[in-house]
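Chemist: Sending over a structure as structure tokens; questions will come in a sec.
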Amino acid sequence: MKLSYSIALLAAGVLLSACTSTEKRLPCASDSSACAEGLVCIDSQCLPCIADRECVADPLYGAGSLCGEGSCCTVGEVGCGCFANESCRFGNTCAADACVECTTGTEGCPCTEAGDCTDGTTCLNGVCAISTCVAGDARCPCNEDGTCNAGLSCNDERVCGECVLGTRACPCRGDQTCGSALTCDAGICQDCVDGKAGCACRTDGSCEGDLECTAGDVCERVERTCLELDCGAQGRRCEGEPFAICTGCDADNNFVPDGQGGCALAAGACTSSLQCPAGQYCLQLSVNGVSSCVEAPACTELEPAAGEQGQAWDRDSEGC
């Protein structure tokens, strides 16, 4: 009898699992609006997330979202992680590294609709605080304009606290990055704007400046070496390693703007003898001169930087 009961339970579990699996694989379009809460639209199916980037790339969740236990959520919201400064969105509070709903009218939480507070606290700029609190001071509500006194920042719970690198209104981290849903602007972390570092790409897939739209639909600086980019083949300079990018025309090697957004060799200039007619060589005949195609010169005509006087020209080494 017990065996039959166990088999029945097992069968029921299999059926339930199948139903759950089918529910998760409902079809979807370009975002997760048709999916159950927390699921993400991947390859036109509603599926549990595996990595944060899948949530960030989905328009329903976007920048500032996380993947936890297969479910997407927005940092600072109930059931999701807290911000780096241990705060949550206004109306929530951080407990054990997770955001929970704040009890209206209690210390550190929003005042009631009537502007009241409990437990001997008073309503100061919309937040319940102890009676000795002064707006802008540490662990007290922020000023009406969302600022705090020197060295402090206003967190999402509208309470002033010590600045934490990478958090809102505080200095960026050493690598010029900020926490989730924030971007580093002029050295200070501010709310994300599409196209900026650490934020979602613009609707056309572009990003600001030298940032690139990565696989997670987030604008980031991509590590590359100058060797990988081969900017010289485009006649451009390479700058910024390890986040190398090709910049302006390489004037040191005689490249100038071609008027069409690219770079071309200056008139009469060359970078290799392969560009010269037969019997001519690409030479810089003077220290500050431009390399150009010339007949094999007499070594006595060359300045020390281009050859040594008194020796014969060697066509193989292209020097005296």
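Chemist: Between E144 and E223, how high is the FRET efficiency from 1/(1 + (r/R0)^6) when r is the Cβ-Cβ distance and R₀ = 45 Å? Nearest 0.05.
Modeler: Plugging the Cβ-Cβ distance into 1/(1 + (r/R0)^6) gives 0.55.
Chemist: Same structure again: Under 5 Å between amide H atoms, partner at least 5 residues away or on a different chain: which partners does S71 have, H built in plane at 1.01 Å?
Modeler: C49
Chemist: Related question: Return the sequence-ordered ³J(HN,Hα) values of segment 113-130 in whole Hz as given by the Karplus equation 6.51 cos²θ - 1.76 cosθ + 1.60 applied to θ = phi - 60°, using x for Gly and Pro.
Modeler: 4, 7, x, 9, 9, 10, 6, x, 8, 10, 8, 10, 6, x, 10, 6, 9, 5
Chemist: Once you sort the root eigenvalues of the Cα gyration tensor of segment 163-289 as a ≥ b ≥ c, which label holds: rounded (a/c under 1.5), prolate (a/b larger than b/c) or oblate (the other case)?
Modeler: Values: a/c = 3.61, a/b = 2.77, b/c = 1.30.
It comes out prolate by the Cα gyration axes.
Chemist: In nm, to one decimal, how far is the D258 label point from the T103 one, both placed 7 Å along Cα→Cβ?
Modeler: Computed distance between label sites D258 and T103 equals 7.1 nm.
Chemist: What residues have an amide H closer than 5 Å to that of L265, excluding those fewer than 5 places away on the same chain, when H is modeled at 1.01 Å from N in the peptide plane?
Modeler: Result for L265 returns V256.
Chemist: Moving on to the next point. For segment 199-256 and segment 117-131, what is the centre-to-centre distance using only Cα atoms, to the nearest Å?
Modeler: What the calculation gives is 52 Å, centre to centre.
Chemist: Karplus couplings for segment 146-153 from phi (6.51 cos²θ - 1.76 cosθ + 1.60, θ = phi - 60°), rounded to Hz, Gly and Pro as x?
Modeler: Calculated HN-Hα couplings, in order: x, 9, 9, 5, 3, x, 10, 9 Hz.
Chemist: Then there's this: Testing the spin-label approximation: label points 7 Å from Cα along Cα→Cβ at E86 and Q275. State their distance in nm.
Modeler: 6.2 nm
Chemist: Okay, moving on. How much FRET efficiency would the formula 1/(1 + (r/R0)^6) give for L26 and T203, where r is the Cβ-Cβ distance and R0 is 25 Å, rounded to 0.05?
Modeler: Given R0 = 25 Å and the Cβ-Cβ separation, E is 0.45.
Chemist: List the residues whose amide H sits under 5 Å from the amide H of C170, counting only those 5 or more places along or on another chain, with H placed 1.01 Å from N in the peptide plane.
Modeler: When sequence neighbours closer than 5 places are left aside, the close amide H contacts are C189.
Chemist: Still on this model: Using a Förster distance of 35 angstrom, determine the FRET efficiency expected from the C-beta separation of A233 and I50, and round it to 0.05.
Modeler: With R0 = 35 Å, the Cβ-Cβ based efficiency is 0.35.
Chemist: Run the numbers for A266 and V134: contour at 0.36 nm per residue of separation, minus the present Cα-Cα distance, in nm. Show your work: numbers first, answer last.
Modeler: Working: separation 132, 0.36 × 132 = 47.52 nm, distance 6.73 nm.
That pair, A266 and V134, stretches by 40.8 nm at full extension.
Chemist: Still on this model: Note down the relative contact order for segment 80-233 as a percent, whole number, built from C-alpha pairs under 8 angstrom at least six residues apart.
Modeler: Details: 318 pairs, mean separation 17.8, N = 154.
In percent, rounded to a whole number, it is 12.
Chemist: Expected output is a single nm value to one decimal: the length gained when fully extending between F243 and A114, i.e. 0.36 nm times separation in residues minus the C-alpha distance. What is it?
Modeler: Difference between extended and current length: 41.1 nm.
Chemist: Ordered by residue, what ³J(HN,Hα) values in Hz, to whole numbers, does segment 264-281 give under the Karplus form 6.51 cos²θ - 1.76 cosθ + 1.60, where θ = phi - 60° and Gly and Pro are x?
Modeler: Taking θ as phi minus 60°, the curve returns 9, 5, 4, 3, x, 8, 8, 10, 8, 5, 5, 8, 9, x, 4, x, 10, 10 Hz for segment 264-281.
FYI, it's all coordinate maths here, none of it is from the lab. Since the structure is predicted, the reported quantities are computational estimates derived from the model, not experimental observations. Don't worry about glycine lacking a Cβ; one is built from the backbone with ideal geometry, like all the others, and counts go over all protein chains shown.
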